[in-house]
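Colleague: The structure is given below, and queries will be raised subsequently.
The values are calculated or read from the model by the stated rules, or taken from the named source; none is laboratory data. Just so you know, these numbers come straight off a predicted model, no measurement behind them. Cβ: placed from backbone, ideal geometry, glycine included. Neighbour counts: every protein chain shown. These accessible areas exclude ligands, DNA and RNA; they are computed on the full protein's heavy atoms, side chains included. Shrake-Rupley method; radii C 1.70, N 1.55, O 1.52, S 1.80 Å.
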Amino acid sequence: TLQLFDAAGTLVCSSPPQAADAPFARPAETWIHSFLVSHPRIPQDPVLLPIRGRWISISFRTVPGTQASPLVLTRVQYLDFNLDAIPVGTVVSIADDHGRVIARSLDPDKWVGTVSKDRQGLQRREGSAELPGLDGVLRQYGYTPVVGTHWRLFVGIPSAVAMASVQTRILRGS
């Protein structure tokens, strides 16, 4: 959904949300209004926040308005952290350059805002490693930068799950 706000945080116009996004459009609009009223500077990176149990990404861009009052264009997108099709215990996380967790698929209320002590993945552009997660679970992680932001995307599958078929073959002698 695209939305255009004035500098006071008042919605000027908006594209109609897609049917699946409609339940999140009004809460996102309310959040954007409050954010614009309380933050004079527009963030360069998108803002991620949970709304009604779903992750929403909000991108801000200043566009010309009047000299006294620029306009703010926002793009609201739903992030699909639906993990039904992947192994149990898999975690998807987004962290900033300082290791602060911005979004997390498992237990977001517990982990968003915390800072990772293990900065190995943050110091490389992309890669993979077996590491304990914030929750202590050993996982096979893949990580990569999120283009256009100061973020890294991490996807971790529990090592026990990732290696289960290999261990079965070793035990069977195949």
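Colleague: How far, in nm, would the chain grow between Ser34 and Ala85 when pulled straight, counting 0.36 nm per residue and subtracting the alpha carbon separation? Kindly include the intermediate steps, with their values, before the conclusion.
Modeller: On the way: separation 51, 0.36 × 51 = 18.36 nm, distance 3.59 nm.
Going from the current span to full extension adds 14.8 nm.
Colleague: Under the rule of at least 5 residues apart or a separate chain, name every residue whose amide H is placed under 5 Å from the amide H of Thr114.
Modeller: So Thr114 has HN proximity to Val101.
Colleague: Taking 7 Å along the Cα-to-C-beta vector as the label spot, tell me the His98-Val146 distance in nanometres, rounded to one decimal.
Modeller: About 1.6 nm separates the two model spin labels.
Colleague: Counting other Cβ atoms within 10 Å, which trypsin sites (Lys or Arg not before Pro) in segment 1-59 have at most 15 and lie in a DSSP loop?
Modeller: On the way: sites: Arg41, Arg52, Arg54; in loops: Arg41, Arg52.
The qualifying sites are Arg41, Arg52.
Colleague: Counting only protein heavy atoms, what percent of the accessible surface of the chain is carbon or sulfur at a 1.4 Å probe?
Modeller: Working: 5990 of 10600 Å².
So the carbon and sulfur contribution to the accessible surface is 56 percent.
Colleague: Which of Phe154, Gln140, Thr1 sits farthest toward the positive end of the charge dipole of the chain, with +1 on the Cβ of Lys and Arg and -1 on the Cβ of Asp and Glu?
Modeller: After comparing all options, I get Gln140.
Colleague: Residues of the chain: accessible area per residue at 1.4 Å, in Å²? Let's see the in-between values first.
Modeller: Details: 10600 Å² over 174 residues.
Dividing the accessible area of the chain by its residue count gives 61 Å².
Colleague: Given 0.36 nm per residue, what is the gain on full extension from Ala20 to Arg52 after removing their alpha carbon distance, in nm? Walk me through the intermediate numbers first.
Modeller: Details: separation 32, 0.36 × 32 = 11.52 nm, distance 1.29 nm.
Computed gain between Ala20 and Arg52 is 10.2 nm.
Colleague: In segment 1-32, whose amide N lies under 19 Å from the spot 7 Å out along Cα-to-Cβ of Ile42? List them in ranges.
Modeller: Only 1-15, 28-32 fall inside the zone, counting backbone N under 19 Å.
Colleague: By how many nm would the segment from Leu171 to Leu71 lengthen if fully extended, with 0.36 nm per residue of separation less the alpha-carbon distance? Kindly include the intermediate steps, with their values, before the conclusion.
Modeller: Values: separation 100, 0.36 × 100 = 36.00 nm, distance 6.41 nm.
That pair, Leu171 and Leu71, stretches by 29.6 nm at full extension.
Colleague: Rounded to the nearest 500 deg cm²/dmol, what is the calculated helix-only ellipticity per residue at 222 nm for the chain, with -39500 (n - 2.57) per DSSP H run of length n ≥ 4? If you can, show how the numbers build up before the last one.
Modeller: Working: 5 runs with 38 residues, N = 174.
Roughly -5500 deg cm²/dmol at 222 nm, from the helical runs in the chain.
Colleague: Ok, one more. Run the dipole for segment 24-100 about the Cα centre, Lys and Arg Cβ at +1, Asp and Glu Cβ at -1, nothing else charged, and hand back the magnitude in debye, nearest 20.
Modeller: Working: 7 positive and 6 negative charges, 52 e Å.
Value, rounded to 20: 240 debye.
Colleague: Label the chain by shape, choosing from rounded, prolate and oblate, from the square roots a ≥ b ≥ c of the eigenvalues of the Cα gyration tensor; if a/c is under 1.5 it is rounded, and otherwise prolate applies when a/b is larger than b/c, oblate when it is not.
Modeller: prolate
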